[in-house]
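Below is one structure, written out as structure tokens; the observations come after it.
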Amino acid sequence: MDFWLDLLFGNAIGLSSIIVILGALGLMIFFGGYFIYKVLSAPSPH
């Protein structure tokens, strides 16, 4: 476990990759939630 923590947070490249991965996940969750919200709140076509 110490190896992975050192690999991820021991240098700037590991930390920036974690930030990029978390940012991508955050965007996917946001846009997925927004899409579901728009589908559920859309008026019925008939």
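Between 0 and 90 degrees, the angle of helix 12-41 with respect to the longest Cα principal axis of the chain falls at about 10 degrees. For residue 16 and residue 44, the difference between the fully extended length at 0.36 nm per residue and the C-alpha to C-alpha distance is 5.7 nm. Answer with a single label: of (i) 1.25; (ii) 1.69; (iii) 1.93, which was calculated as Cα Rg over 2.2 N^0.38 Å from the structure in view? This structure yields the entry labelled (iii).
A short reminder: the numbers here are calculations on the coordinates, not readings from a lab. All values reported here derive from a predicted model rather than from experimental measurement.
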